[in-house]
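Chemist: The structure's right below; bear with me while I get my questions together.
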Amino acid sequence: MTRRDAAVLALGCALLGFASFRVLNPTGLPTRQLSVEGVEIKSQAIRSGESLVHEAKWLPPDDVFVVGWAPEVGAREAQPALFLSCGGVTLFAARTLSPEGLRTTFVPSGTGFLVRKGESVTLRLEIRNSGPDGETRGARALIYFHPVIWR
């Protein structure tokens, strides 16, 4: 075996070792597991000209960062307003609805709203009936969150 062959063999082994290390030990920040829970406001009767406000509460299982929501309302034609809030702070709001409905919204990467265990998150529906007597058809929201990791 010549020096050249030994150098090629050593370089090949070094590259193979480096490739194996990169595959077995990926770099980068660990991703956090995203959880989803839903909260719902039930449908209720509403009379013509009447305005109603309904709320539903969600308690997080632990300290969490709320990072998004996916709202849905039953009576879009009534142009209801839907809010997700915690401790007097509005986290997300949908005041005017597009014809295709509401869209899932997330906060920018690396951010979120801290909600401590025991604090409630409130889904609030405000609706005014300008048509005949009917039903509110309720509202729902999926809440996207991940646990707080204290270091």
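The values are calculated or read from the model by the stated rules, or taken from the named source; none is laboratory data. Since the structure is predicted, the reported quantities are computational estimates derived from the model, not experimental observations. Ideal geometry is used to build each Cβ from the backbone, glycine not excepted, and the neighbour counts take in all protein chains shown.
Chemist: Which numbered condition trips up residue 136, out of (1) within 13 Å of the chain's Cα centre (by Cα); (2) at pLDDT 85 or above; (3) hydroxyl-bearing (Ser, Thr, Tyr)?
Modeler: With respect to (1) within 13 Å of the chain's Cα centre (by Cα); (2) at pLDDT 85 or above; (3) hydroxyl-bearing (Ser, Thr, Tyr), residue 136 is out only on (1).
Chemist: Determine, yes or no, whether residue 111 is touching a Gly at 6+ places or on another chain (Cβ under 8 Å) and either within 15 Å of residue 40 (Cα to Cα) or surrounded by fewer than 13 Cβ atoms within 10 Å (Cβ to Cβ) (or both). Step through it out loud before you land on a result.
Modeler: Numbers: touching a Gly at 6+ places or on another chain (Cβ under 8 Å): no; either within 15 Å of residue 40 (Cα to Cα) or surrounded by fewer than 13 Cβ atoms within 10 Å (Cβ to Cβ) (or both): yes.
In short, no.
Chemist: Filtering the stretch 5-44 down to residues that are of a type in the set (A, V, I, L, M, F, W, C) and modelled with pLDDT of 90 or more, which residue is surrounded by the fewest Cβ atoms within 10 Å (Cβ to Cβ)?
Modeler: First, the residues of the stretch 5-44 that are of a type in the set (A, V, I, L, M, F, W, C): 6-11, 13-16, 18-19, 21, 23-24, 29, 34, 36, 39, 41.
Those left that are additionally modelled with pLDDT of 90 or more: 36, 39, 41.
Numbers: 36: 11, 39: 20, 41: 21.
Checking each candidate, the answer is 36.
Chemist: Let me ask another. With respect to residue 52, is the statement that it is without any contact (Cβ under 8 Å) to a residue 60 or more places away in the chain, under 24 Å from residue 126 (Cα atoms) and surrounded by 15 or more Cβ atoms within 10 Å (Cβ to Cβ) true? Give the steps one after another, and end with the answer.
Modeler: Working: without any contact (Cβ under 8 Å) to a residue 60 or more places away in the chain: no; under 24 Å from residue 126 (Cα atoms): yes; surrounded by 15 or more Cβ atoms within 10 Å (Cβ to Cβ): yes.
It is false that residue 52 is without any contact (Cβ under 8 Å) to a residue 60 or more places away in the chain, under 24 Å from residue 126 (Cα atoms) and surrounded by 15 or more Cβ atoms within 10 Å (Cβ to Cβ).
Chemist: Just to be sure, is residue 67 in contact with a Gly (Cβ under 8 Å, 6 or more places away or on another chain), of a type in the set (A, V, I, L, M, F, W, C) and at pLDDT 90 or above?
Modeler: Numbers: in contact with a Gly (Cβ under 8 Å, 6 or more places away or on another chain): yes; of a type in the set (A, V, I, L, M, F, W, C): yes; at pLDDT 90 or above: yes.
Against the criterion (in contact with a Gly (Cβ under 8 Å, 6 or more places away or on another chain), of a type in the set (A, V, I, L, M, F, W, C) and at pLDDT 90 or above), residue 67 qualifies.
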